[in-house]
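Asker: Here it is, the structure, as structure tokens.
Every number in this text was worked out from the coordinates using simple rules, so none of it is lab data. What you see is a predicted model; the values in this text were computed from it and never measured. Here the Cβ is made from the backbone with ideal geometry for all residues, glycine too, and neighbour counts use every protein chain on show.
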Amino acid sequence: MIVQSTVSKSVSTAIEQIVKREMRPFGFRAIKVASSEDHDGDPILLIDVEYASRGKPIDPTVVAGLVSKLRDRLWELGEARFPHIRHHFSEQQKVGGYS
């Protein structure tokens, strides 16, 4: 197995474009993409997304579907590492569909 220790510009750009497009309504502010390993030592893409405390209530279906959209695009680019996303929402951010 080839272990990639860096993230190419094309992969980083693709991830950023998809996350911005999908998450902008919920206060998207910044993203950081890094190469890492999961708990089994397998290579992954670690994606940290920061949000402002403003924005529409978070739509859980959009958040849940984000990994699939990223995964599809990464496969197209030949990227085999799985994207792990950590969302850093403000505690004041509301979640849509919940009271």
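Asker: Putting +1 on Lys and Arg Cβ atoms and -1 on Asp and Glu Cβ atoms, find which of P83, A52, V62 reaches farthest to the positive end of the dipole of segment 9-88.
Answerer: Towards the positive end, the residue furthest out is A52.
Asker: I need the phi-derived Karplus couplings for segment 79-87: 6.51 cos²θ - 1.76 cosθ + 1.60, θ = phi - 60°, integer Hz, Gly and Pro marked x.
Answerer: 8, 8, 6, 7, x, 9, 10, 10, 8
Asker: Also, I was wondering about something else. So what J values fall out for segment 20-35 if you push phi through Karplus, 6.51 cos²θ - 1.76 cosθ + 1.60 with θ = phi - 60°, rounded to Hz, Gly and Pro as x?
Answerer: So the J values, rounded to whole Hz, are 4, 4, 7, 10, 3, x, 9, x, 3, 10, 7, 9, 9, 10, 9, 7.
Asker: Given Cβ point charges of +1 (Lys, Arg) and -1 (Asp, Glu) and nothing else, what value in debye, to the nearest 20, does the dipole of the chain about its Cα centre take?
Answerer: Details: 14 positive and 13 negative charges, 117 e Å.
I would put it at about 560 debye.
Asker: Ok, one more. Relative to 2.2 N^0.38 Å, what does the C-alpha radius of gyration of segment 9-88 come to as a ratio? Two decimals please.
Answerer: Relative to the 2.2 N^0.38 Å estimate, segment 9-88 comes out at 1.07.
Asker: How high is the relative contact order of segment 18-88, given as a whole-number percent (alpha carbon pairs under 8 Å, six or more residues apart)?
Answerer: So the answer I get is 37 percent.
Asker: Right, something else. Compute the FRET efficiency between I31 and V95 as 1/(1 + (r/R0)^6), taking r as their Cβ-Cβ distance and R0 = 22 Å, and round to the nearest 0.05.
Answerer: The computed FRET efficiency comes out at 0.60.
Asker: With each pseudo-label sitting 7 Å past Cα toward Cβ, what's the T6-V67 distance in nm, one decimal?
Answerer: For the pair T6/V67, the computed spacing is 2.9 nm.
Asker: For the chain, give the share of DSSP beta bridges that are antiparallel, in percent and rounded to the nearest 5; count only bridges with both residues there.
Answerer: So the antiparallel bridges in the chain amount to around 55 percent.
Asker: Measuring from a point 7 Å past the Cα of T13 along Cα-to-C-beta, which residues in segment 67-99 have an amide N at less than 12 Å?
Answerer: Taking a point 7 Å out along Cα→Cβ of T13, no residue of segment 67-99 has its backbone N under 12 Å.
Asker: With runs of 4+ DSSP H residues as the only contributors, calculate the mean residue ellipticity of the chain at 222 nm using -39,500 (n - 2.57) per run, divided by the residue total and rounded to the nearest 500.
Answerer: After summing the helix terms and dividing by residue count, I get -10500 deg cm²/dmol.
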